[in-house]
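Student: One structure follows; several queries about it will come next.
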Amino acid sequence: MQEPTSNYVVLVDTDGNVLGTEEKMAAHIKGVLHSAFSVFLFNNKGEMLLQQRAFTKYHFGGLWSNTCCSHPRLNESALQAGYRRLSEELGFTTDLREVFTFVYKAQDEQTQLIEHERDTVLIGLYNGSVDNFNPAEVNAVKWISISELFLWLTQEPNAFSYWFKTALLELKTRKLLSVKNVKKLFGV
């Protein structure tokens, strides 16, 4: 399968088997299942790094979400894509671990575009600065404690992306919102 030259997503089945590619906007208009990843970073204080998506994003603009998320390219693993997009969106990289995958479907009420993804969740530890983010991708960043995050989610659930809320609950179930447990994954 030759890699497309336009901006595209990799179409997959629910098991992650590659079915082909589709131009990105067309895939989001049709709501076809495609591969994605979501990065969640924690610091030594136990805080999670959130990003507010740029208001100019083609869908879900201005919403708060996990540290970084996007789509892998053809023949690129979720882990490789995570490193690439951390650098492109936030201006740094850090070690990541793949922890689980889930499938979801959500429609952006503003644009009517449909996000239907098989999303691989990656987590990492990072204690450096976050002052070199790409304003075309990111409007703002924020380190937040888990307790403050859940309070904010309760008060303003519509301020957050659908996939973030779904993945966050799964991280909670798997006890991966504790920096102690995250550090165990990295052997520290």
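Student: Hey, can you tell me all the residues within region 105-124 that are over 15 Å from the mean Cα position of the chain (by Cα) and at negative phi?
Tutor: GLN107, ASP108, GLU109, GLN110, THR111, LEU113, ILE114 - these are the residues of region 105-124 that are over 15 Å from the mean Cα position of the chain (by Cα) and at negative phi.
Student: Condition first: among the basic types (Lys, Arg) and either assigned to a loop (DSSP other than H, G, I, E, B) or at pLDDT 95 or above (or both). Now tell me which residues in region 89-109 satisfy that. Show your work before the answer.
Tutor: Restricting attention to region 89-109, the residues satisfying the condition of being among the basic types (Lys, Arg) are 97, 105.
Within region 89-109, ARG97 is the sole residue that qualifies.
Student: Among ASN66, ASN44, which is surrounded by fewer than 17 Cβ atoms within 10 Å (Cβ to Cβ) and either of a type outside the set (Phe, Trp, Tyr) or out of contact with any Pro (no Cβ under 8 Å at 6 or more places or on another chain) (or both)?
Tutor: Checking each option against the conditions leaves just ASN44.
Student: Moving on. Condition first: modelled with pLDDT of 95 or more, charged (D, E, K, R), over 20 Å from ARG97 (Cβ atoms) and not in a strand (DSSP E or B). Can you find one or more residues in region 10-24 that meet it?
Tutor: yes
Student: Would you confirm whether or not region 144-162 contains a residue that is of a type in the set (D, E, K, R) and surrounded by 19 or more Cβ atoms within 10 Å (Cβ to Cβ)?
Tutor: No: zero hits.
Student: Next question. Give the residue that is surrounded by the most Cβ atoms within 10 Å (Cβ to Cβ), with candidates limited to residues of region 110-127 that are modelled with pLDDT of 95 or more and not in a strand (DSSP E or B).
Tutor: The selected residue is TYR126.
Student: Which residue, of LEU86, LEU50, is among the hydrophobic types (A, V, I, L, M, F, W, C), over 15 Å from PHE160 (Cα atoms) and at pLDDT 95 or above?
Tutor: Values: LEU50 fails: over 15 Å from PHE160 (Cα atoms).
When all the criteria are applied, what remains is LEU86.
Student: Just to be sure I understand the filter: pairs with C-beta atoms under 7 Å, separated by 6 or more residues or on different chains, first member in region 164-188 and in contact (Cβ under 8 Å) with a residue 12 or more places away in the chain and on the phi < 0 side of the Ramachandran plot, second member β-branched (Val, Ile, Thr) and part of a helix (DSSP H, G or I). Which pairs pass?
Tutor: LEU176/VAL182; LEU177/ILE146
The values are calculated or read from the model by the stated rules, or taken from the named source; none is laboratory data. A quick note: this is a predicted structure, and the numbers were derived from the prediction, not measured. All Cβ positions, glycine included, derive from the backbone under ideal geometry; neighbour counts span all protein chains shown.
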